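Undergrad: Pasting in a structure now, in structure tokens, and then I'll have a few things to ask.
The values are calculated or read from the model by the stated rules, or taken from the named source; none is laboratory data. Because the structure is a prediction, the values reported are computed rather than measured. Here the Cβ positions follow ideal geometry from the backbone for every residue, glycine too, while neighbour counts run over all protein chains shown. To get the accessible areas, we keep the full protein, side chains included, count just its heavy atoms, and leave off ligands, DNA and RNA. Shrake-Rupley method; radii C 1.70, N 1.55, O 1.52, S 1.80 Å.
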Amino acid sequence: MIYFIMGVSGAGKTSIGTQLAKKLALPFLDGDDFHPKENVLKMKSGKPLEDQDRMAWLLTIGREAKESLKNEGAVIACSALKEKYRKLLTEDIKEKCQWIFLKGSFDLIDSRLKKRQDHFMPPHLLQSQFDALEIPEYAFHVDIDQAINKIVSDIIIFLGLKNNMQNKSKVGIVGLGVMGKSLSLNLIDHGFKLSLYNRHALGLEENVAKNFIRQNIDPAFANGFDELKAFVDSLEQPRKILMMVKAGKTVDGLLDDLILLLDKNDIIIDGGNEHYKVSKQRNEKLALQGIHYFGCGISGGEEGARKGPSIMPGGSEEIYPLIADVLETIAAKDKNGNPCCSLIGPAGAGHFVKMVHNGIEYAEMQLLAEVYQLAREVNQQKPDEIATLLEGWKQFGLNSYLLEITIDILRKKDGEDWLIDKVLDKAENKGTGSWTTIAACELGVATPMISAALFARYTSSLKGTRKAAATIFPNKKAIAHKISNDDLRKAYDFARIINHHQGFALIAAAAKQYKWPLDLSEIARIWTNGCIIRSDLMETLVIQLKENSDLLLNAVQVAKIPTFIDSLYELLKQGLEARQTLPCFSAAQNYLSAYFQERSNANIIQAQRDYFGAHKYQRNDDPSGKYYHSIWKS
């Protein structure tokens, strides 16, 4: 196809055409580049072009359009103000052309032209362009009074809806669980024609894809399969397949089957919560077959997948542009309208970053659980009173998705009772928290808050043991002073900063170890919307991580320490006195105290290691770094 971007001078044809071509992976041709020298000189002199001036220029662009159709097509920016110009441009290729008209007011475009420098078209000729303009009803009209990425997104949605009947499916999705279904609907909303595949298990999963389409999607926009070869054959090449299958051996078996059916340069996007090392291995395995693999973290849960998740792909920088239009179009958008998705790094990096996201999430959830526990048990507040307390924290920059859902949870009633009181106190996990802790150990990074949150879940799972133990040793609550709302808020605020500091420190260590070009600020930006840990804090971290990758040494955070650390100590003093379990708040305090302590007790540890294992030690009075061994027993 040839996509003509038309409109008067200053409408943004070049800027929009360039971005659209990038999204469609097509060449971009700027009509202005084909003007003969005489036309340029005439316009520079302030004289408008006549029809005879434009004729040779239009014929040249028409030839370029026909030549482009011998390959993939192109995006061409050309004013094409009159219908006769458009007929000349598309002679013999009309059925292969799509017109996109950039619509804007005279005043808007005039103001843009006056700011434009070094262009041969003087602003005072704009009126002559509007006088000549014949607006084609058959073109797709798009208003230019909005951000360029929104204009391009609207064009892509239109093109997808227009062309879905005659083309093969743009994207294939394998696995129609909760996330797979939600992402399918998201893609449909954005104009992508889909092929959907779900395994066929007699009596368990039969006609899942077809039934889902019948109940939720216009059949013109999607095809359903439970036979893998037919599914693969229905996709345009290079094929783009998004796998939303539970991580592990099931995925490996599916990949073995797909390898036999796919062609070189086809692309697989693994959107499950897979271990980053497995992701790297799969990339290497598929590369041997000429198939491209992206390990892709996707965060946001069912709602995020439906409305716009945060997406963290890892894979080839050269191949990423081929899937960028799919992933970036359906991703959530940040406050500036940019997609919460960009290439994180090479194979494995995407799944690593998603893993750490989940680790931070574990600690964020545990901190809120401990806040609830202190407010309920020590301050004797009812769930709705705690919800009101948390609601008030938003004005202090503490709003987050997890805070908002906790408020909703605490206000929910089951008849006359609070529903939260009927939820079994036994938290489950799906593995990413433990993977994060293991990765931290392997990379030598201290993430005690994430580990504490993980082990708190493990302890909660011992429900039967805890119930029996409570009869043997009743943990009588000591009388404690109530914790002020101010201390509770400040301690929570500061503990969250420590948690995020530990998570980003782990990502930075992985970047160094694996030589991944990870941009911490960009990762924070991707996490500002769509994902589970989106928050006001994350918005500030986008800026702070540009200034200093160590959040605890950032000037903004350093300024908080004198007052906020006192609140953290006061919370722990009153909470532990009341015999409350506060693993995450305790881990935050221990880490902070150690982090800002110039001399630690580790000299004893190293001396012990040298004593029993001759592991040697360094001396603080020898700056050379030389290692020593001593006979410690006199």
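Undergrad: Only loop residues by DSSP count here, and only those with at most 13 other Cβ atoms within 10 Å; note down the trypsin sites (Lys or Arg not before Pro) in the range 285-358 that meet that.
TA: Sparse-neighbourhood loop trypsin sites (Lys or Arg not before Pro): K335.
Undergrad: Considering only the chain, what is the antiparallel percent among its DSSP beta bridges, to the nearest 5?
TA: Counting only bridges with both partners in the chain, antiparallel ones make up about 25 percent.
Undergrad: Which of the trypsin sites (Lys or Arg not before Pro) found in the range 553-611 are in a DSSP loop and have at most 15 neighbouring Cβ atoms, other than their own, within 10 Å?
TA: R579, R599
Undergrad: For the range 1-82, state which chymotrypsin sites (Phe, Trp or Tyr not before Pro) are in a DSSP loop and have at most 12 other beta carbons lying within 10 Å of their beta carbon.
TA: Loop-located and lightly packed - none at all.
Undergrad: Still on this structure: Sort out for me the Cα centre separation of the range 263-300 from the range 404-439, rounded to whole Å.
TA: 32 Å
Undergrad: Cα gyration tensor of the range 477-634, axes a ≥ b ≥ c as square roots of the eigenvalues: rounded (a/c below 1.5), prolate (a/b > b/c) or oblate?
TA: It comes out oblate by the Cα gyration axes.
Undergrad: Another one. Hey, if you put +1 on the Cβ of every Lys and Arg and -1 on every Asp and Glu Cβ in the chain, which of A587, I319, L194 ends up farthest toward the positive end of that dipole?
TA: A587
Undergrad: Would you mind giving the three semi-axes, in whole Å and largest first, of the ellipsoid equivalent to the range 1-100 according to its Cα gyration tensor?
TA: Computed over the range 1-100, the values are 22, 15, 11 Å.
Undergrad: Given Cβ point charges of +1 (Lys, Arg) and -1 (Asp, Glu) and nothing else, what value in debye, to the nearest 20, does the dipole of the range 588-629 about its Cα centre take?
TA: Roughly 100 debye for the range 588-629.
Undergrad: For a protection proxy built on the mean count of beta-carbon atoms within 10 angstrom, sort 231-240, 45-54 highest first, please.
TA: Going from most to least packed, we get 231-240, 45-54.
Undergrad: Compute the helix-to-body angle for 536-547: its Cα long axis versus the longest principal axis of the chain, expressed 0 to 90° and rounded to tens.
TA: 80 degrees
Undergrad: Now for a different question. Just how far, in whole angstrom, is the range 327-343 from the range 520-558 if you go by their alpha carbon centroids?
TA: Distance between centres, Cα-based: 17 Å.
Undergrad: Using only Cα atoms and rounding to the nearest 10 degrees, what angle (0 to 90) does helix 13-24 make with the longest principal axis of the chain?
TA: Roughly 60 degrees, rounded to the nearest 10.
Undergrad: Does the range 284-387 come out rounded, prolate or oblate by the C-alpha gyration tensor, with a ≥ b ≥ c the root eigenvalues, rounded set by a/c under 1.5 and, if not, prolate when a/b is larger than b/c and oblate if not?
TA: Because a/c hits 1.5 or more and a/b exceeds b/c, the range 284-387 counts as prolate.
Undergrad: May I ask which residue of L551, Y138, I483 lies farthest towards the positive end of the charge dipole of the chain, with charges of +1 (Lys, Arg) and -1 (Asp, Glu) on Cβ and the Cα centre as origin?
TA: Of L551, Y138, I483, it is I483.
Undergrad: Name the residues whose placed amide hydrogens come within less than 5 Å of the amide hydrogen of A222, ignoring near sequence neighbours (fewer than 5 apart) on the same chain.
TA: For A222, whose amide H was placed from the backbone, the distant partners under 5 Å are L194.
Undergrad: To the nearest 20 debye, what is the magnitude of the charge dipole of the range 178-319 about its Cα centre, counting +1 on the Cβ of each Lys and Arg and -1 on the Cβ of each Asp and Glu?
TA: 200 debye
Undergrad: If you don't mind, there's one more thing I want to ask. Quick one: if you take sqrt(5λ) for each eigenvalue of the C-alpha gyration tensor of the range 194-338, what semi-axes come out, biggest first, whole angstrom?
TA: Result for the range 194-338: semi-axes of 23, 21, 15 Å.
Undergrad: Before rounding to the nearest 500, sum -39500 (n - 2.57) across all DSSP H runs of length at least 4 in the chain and divide by the residue total; then give [θ] at 222 nm in deg cm²/dmol.
TA: Counting only the DSSP helices, I get -16000 deg cm²/dmol.
Undergrad: Kirkwood Rh over alpha-carbon pairs of the range 514-559, then Stokes-Einstein at 10 °C and 1.306 mPa s: what D in µm² s⁻¹, rounded to an integer?
TA: Rounded to a whole number, D works out at 143 µm²/s.
Undergrad: Something else: At 1.4 Å probe size, with every protein chain present, just tell me what the per residue accessible area of the chain comes to in Å².
TA: 48 Å²
Undergrad: Among 364-372, 625-633, what's the highest-first ranking by average C-beta atoms within 10 angstrom per residue?
TA: Ranked by mean Cβ neighbours within 10 Å, highest first: 364-372, 625-633.
Undergrad: Using alpha-carbon pairs under 8 Å, 6+ residues apart, how would you state the relative contact order of the range 143-263 in percent?
TA: 28 percent
Undergrad: Got the relative contact order for the chain handy, in percent, Cα pairs under 8 Å and 6 or more residues apart?
TA: 10 percent
Undergrad: Of the accessible area of the range 425-494, with the probe set at 1.4 angstrom, what percent is carbon plus sulfur?
TA: Percent of accessible area from carbon and sulfur atoms in the range 425-494: 61.
Undergrad: When N counts the residues of the range 452-535, how does its alpha-carbon radius of gyration compare numerically with 2.2 N^0.38 Å, as a ratio?
TA: In units of the globular-protein estimate, the range 452-535 measures up at 1.64.
Undergrad: Shifting gears a bit: Using Cα-only point scatterers and the Debye equation, what is log10 of I(q)/I(0) for the range 63-151 at each q in 0.18, 0.22, 0.24 Å⁻¹, rounded to two decimals?
TA: Treating every Cα as an identical point scatterer, log10 I(q)/I(0) equals -0.98, -1.24, -1.31.
Undergrad: Right, here's the next one. Place a +1 charge on the Cβ of each Lys and Arg in the chain and a -1 charge on the Cβ of each Asp and Glu, then give the dipole magnitude about the Cα centre in debye, rounded to the nearest 20.
TA: About 1060 debye.
Undergrad: Between rounded, prolate and oblate, where does the range 326-474 land on the alpha carbon gyration tensor, with a ≥ b ≥ c its root eigenvalues, rounded for a/c under 1.5, else prolate if a/b exceeds b/c?
TA: Since a/c reaches 1.5 but b/c is at least a/b, the shape of the range 326-474 is classed as oblate.
Undergrad: Further question on the same structure: Mind checking the angle between helix 178-189 and the chain's longest principal axis? C-alpha axes, 0 to 90 degrees, to the nearest 10.
TA: Taking the Cα atoms of the chain, the angle to 178-189 is about 30 degrees.
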